[in-house]
1. In nanometres, what is the gap between the two model label sites at residue 200 and residue 215, each 7 Å from Cα along Cα-to-Cβ?
2. Just to verify a number: FRET efficiency for residue 138 and residue 10, C-beta to C-beta distance, R0 = 35 Å, to 0.05?
3. Once fully extended, how much extra length lies between residue 228 and residue 28, figured as 0.36 nm per residue of separation less the alpha-carbon to alpha-carbon distance?
4. Starting from the Cα-Cα distance between residue 127 and residue 155, subtract it from 0.36 nm times their residue separation and give me the gain in nm to one decimal.
5. Of the peptides 211-223, 180-192, how do they stack up when ordered by the mean number of other Cβ atoms within 10 Å, highest first?
6. Taking 0.36 nm per residue of sequence separation and subtracting the Cα-Cα distance, how much length would be gained by fully extending the chain between residue 38 and residue 192, in nm to one decimal?
7. When Rg is the radius of gyration of the Cα atoms in the chain and Rh is its Kirkwood radius, what does Rg/Rh come to?
Amino acid sequence: MKFIRGFKNMFSDAIYTILLVAIAVFSLINALGNTSDLMPFLAMFVPLLLILISAVGLQLKGKTLAAHLVLLLTVFLGAGRTFIYAITSFSFESMSFTANFSVEMLIAFIIFVYLFLVVASYLLVGNTGAHLGKSQVLISATIAFVYFFFRDGFSVAVLKILPPLVALMFGSDFFAIVLLLAGVADVPFLLLDYIFLATILEQPVSYFLFTAFGLYLIYGAIIALLKRPK
C-alpha cells in the first residue's frame, strides 16, 4: 500500500508528459493497425484522437490525475480484463491457451497497470483538487447523458459521460467539451457509411432521430470550442 501511495511521486511532470505522449502514439499506431473500410475506421479513429488530445492537453495543464483517469476510463479500461482472461484461458483438455496473445496486448496491460497505479496513488493520498462547480458545460453533459442513455443504455451512457465530468471536476471546460465531442464524433462517419453502402433506407426511424440529434450535439460542441480558450 505504501508503494501505491507514493507511486505518483516517482515521476516529474515532464516524465508524466513524455509517458502520456508515448501512450498516445502507441494507441494511434495500434488503431492504424486495425484499418478496415474508410468510414468505420474514421468512426473509431476520430473519437480516439480527440480523447488522446484531451488527455495530453490535461497533462500539459498540470492535471495529472485527470489526464491519467481519462485515458484509463476511455482507452485502457478493458486491457486489464483482456490480459487476465488470456492468462487464465489455459485448457487442460488441449493443454494450450485458448486466447491469442500478442505484444500489443502485453503493452496495453502494462499501460493499464501504470494508469491504475497513478490514479490509485492520487486517490489514496487524497486532496485531489477535484471539484464539480457551476458550469454551462455541465448542462451540455446532462443533455449528452440523456442522449447516450436512450441511444445505448445506462452503462454506456455512464462510460461516455465520466471522462467529460472528470475534465470538468478539474476545471477544464474546454477539454470537457472535446471529450463530449468524442462521444458523438462517430455519428457522421457511420451515416456516410450507410449512405455509401446504400443501406440508409433500411435503418429504423430511431436511427434517424438519434443521428439528427447527434449531429446537433456535434455542431453545438464545435461552436462552443471555437468560442472558448483552451
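Read-outs: derived from the displayed coordinates by stated rules, not from any lab. For clarity, every value in this text was computed on a predicted model and none was experimentally measured. With ideal geometry, Cβ positions are generated from the backbone for all residues, glycine too; neighbour counts draw on all protein chains shown.
1. Between residue 200 and residue 215, the simple spin-label model gives 0.8 nm.
2. Numbers: r = 34 Å, r/R0 = 0.97.
Working from the Cβ atoms, E equals 0.55.
3. Details: separation 200, 0.36 × 200 = 72.00 nm, distance 2.67 nm.
Stretched out fully, the residue 228 to residue 28 stretch lengthens by 69.3 nm.
4. This chain segment gains 7.3 nm when fully extended.
5. Packing proxy ranking, top to bottom: 180-192, 211-223.
6. On the way: separation 154, 0.36 × 154 = 55.44 nm, distance 1.01 nm.
Net length gain for the segment: 54.4 nm.
7. Values: Rg = 19.2 Å, Rh = 19.2 Å.
Checking Rg against Rh, the ratio lands at 1.00.
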